[in-house]
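Take a look at the structure below.
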């Protein structure tokens with residue numbers, strides 16, 4: 001999408017923003033939504049905002065998506081009021097349109113939203129220390145604690161069955177059957193491993209479906225780069241990127257936290273010798289998480305470590321499925337990129353198994 005200042009100014013005029021527009025800047029790092037930053041001057045102060053055009057190919061129901069986000073952020077804000085003077089750094093602030101809506105629909109059918117920009121924070125792409133792992137775990141635990149009394153069933157499923165392992169295996173089996181790109185014969189070992197692990201991998205999906213795990217609010221993308229840290233790195237302030245907030249088991253989030261936070265290699269590394277599960281980081285993640293997650297049921301506690309292996313497995317299945325389908329979902333930068341991603345997840349599962357007694 002090209003930066004068109006007159007068009008963007010018209011869009012911004014529909015939101016409840018006071019003051020004079022000083023600048024607009026395109027954010028080039030996002031992969032899903034089109035994002036711009038703006039700076040306004042109001043009564044001698046500079047105020048910054050984030051504006052996004054929601055990708056309706058990825059999110060078919062942007063209205064329900066924003067209703068989810070508004071409900072969750074309002075609930076968290078209510079928990080923070082009176083306790084912190086820097087609330088706007090600790091929870092996203094949705095800026096409504098001038099007629100009180102959460103979204104503005106432009107003349108081309110595009111849906112736009114606006115947040116107050118969170119300043120004086122930093123992010124990390126990888127976990128660099130046990131201390132940082134502890135803070136990351138505590139951030140996930142805090143997010144869940146703040147929403148532990150929120151009715152998860154009241155939220156919409158913006159991506160139905162997103163972490164449903166049985167659905168993901170059905171999709172893999174269909175990709176194998178169709179074999180559009182004649183790649184099945186090259187991944188026999190990966191398919192055999194995932195087939196052997198199918199039953200174990202369904203433990204979260206089945207327990208949730210059977211009512212053994214409570215239905216709660218889940219973030220569904222708990223990577224460290226979705227956490228805002230204080231500038232001195234001493235505190236994790238806020239979890240962002242709430243587009244996939246939905247009903248589910250909170251073990252989806254602990255699982256992604258453990259998967260991304262304890263892996264010693266890159267998610268798409270070619271050198272599988274770099275992939276291991278760092279036990280000290282794994283322990284620090286869970287220690288930080290447990291420092292805040294005081295609401296867990298006995299089964300949730302029992303399945304914490306298992307959740308890391310499960311979400312690693314579901315990502316292996318999804319990456320391999322996309323590879324067999326011709327790389328239609330995940331962006332790739334080389335021919336076997338999704339296969340490398342799948343192999344990395346399988347290597348991490350095997351590393352977890354080797355260290356299971358320690359974990």
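Brief remarks follow.
- Efficiency of FRET between residue 267 and residue 210 - r from beta-carbon atoms, R0 22 angstrom, step 0.05: 0.10
- Straightening the chain between residue 117 and residue 234 buys 40.0 nm, computed as 0.36 nm per residue apart minus the Cα-Cα spacing.
- When all alpha carbon pairs of the chain are counted in 10 Å bins from zero, the resulting P(r) reads 5, 23, 32, 26, 12, 3, 0 %.
- Computed over the chain, the per-residue total of -39500 (n - 2.57) for DSSP H runs of n ≥ 4 gives a 222 nm mean residue ellipticity of -12500 deg cm²/dmol, rounded to 500.
- On the basis of the beta-carbon distance and an R0 of 30 Å, residue 274 and residue 173 show a calculated FRET efficiency of 0.50.
- Computed over the alpha carbons of region 178-313, Rg followed by Dmax gives 16.9, 52 Å.
- Calculated P(r) of region 5-119 - Cα pairs past 18 Å, %: 54 percent
- Over 20 Å [Cα-Cα, region 238-309], rounded percent: 37 percent
- More than 19 Å apart - percent of Cα-Cα pairs taken over region 40-180: 68 percent
- Remark: C-alpha extents of region 127-245 on the principal axes read 51, 35, 24 Å, sorted largest to smallest.
- The chain: relative contact order in percent, alpha carbon pairs under 8 Å with at least 6 residues between: 18 percent
- Site pair residue 61 and residue 153 shows an inter-label distance of 1.7 nm when each label is modelled 7 Å from Cα along Cα→Cβ.
- Whole-number percent relative contact order across region 36-178, with pairs defined as alpha carbons under 8 Å at least 6 apart: 25 percent
Rule-based calculations on the coordinates, nothing more; no lab input. Small disclaimer: the values here were computed from a predicted structure and weren't measured. Positions of Cβ are backbone-derived with ideal geometry, glycine not excepted, and every protein chain shown enters the neighbour counts.
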